Amino acid sequence: MQSFFFIRHEGKYVKVDFQHILYIEARKNYTRLVMEDRPTALVLVTLKQWEKLLPSDQFCRVHRGYIISIEKIVAFDNKYAYLPGERISIGEQYRNALPMTVTILANEASRKDVLSELEL
């Protein structure tokens, strides 16, 4: 599978590498493609179509209106995914999508657990 695609922009076909995409946002019949290295582009492609095109190990749908790059995630909780300079809402029906997609090594230990370990 190719790691890029082309979009039509100002009369030319412009190459977009998957690794440069921050997120994709639904905008009525269009989607807004937000990238690190170039201006935002409006593309006549639905989020459902993006889901089929983008590799599922690199992108995750977190809201009915957003697909985000997993690689660009700085942090996330139950309500938001934090990307460089952006905070993307996580929809209720997509709450489990991100934790199921990424590797999480350890949970925070509670203060009680830490104290009981120190006593041993």
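Each value in this text was obtained by applying a stated rule to the coordinates, not by laboratory testing. Bear in mind the structure is a predicted one, so any value in this text is a computation, not a measurement. Please note: Cβ atoms are built from the backbone with ideal geometry, for glycine as well, and neighbour counts cover all protein chains shown.
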What distance in nm lies between label points placed 7 Å from Cα along the C-beta direction at R8 and S56? 3.1 nm
Amide H partners (placed H, <5 Å) of L83, local residues excluded: V74, I88
Within region 25-53, find all residues whose amide N lies under 17 Å from a label point positioned 7 Å from the Cα of E71 along Cα-to-beta-carbon. 34-38, 53
Amide hydrogen neighbours beyond the local backbone of F59, cut-off 5 Å, H modeled: I70
Give the cross-link partners of K28 among the lysines, using a straight C-alpha distance below 16 Å as the criterion and excluding same-chain residues fewer than 8 apart. K48
Describe numerically, in nm with one decimal, the distance between label points set 7 Å from Cα along Cα→Cβ at D37 and at Q93. 3.5 nm
Mind ranking 20-32, 60-72, 83-95 by how tightly packed they are, going by the mean number of other C-beta atoms within 10 angstrom, highest first? 60-72, 20-32, 83-95
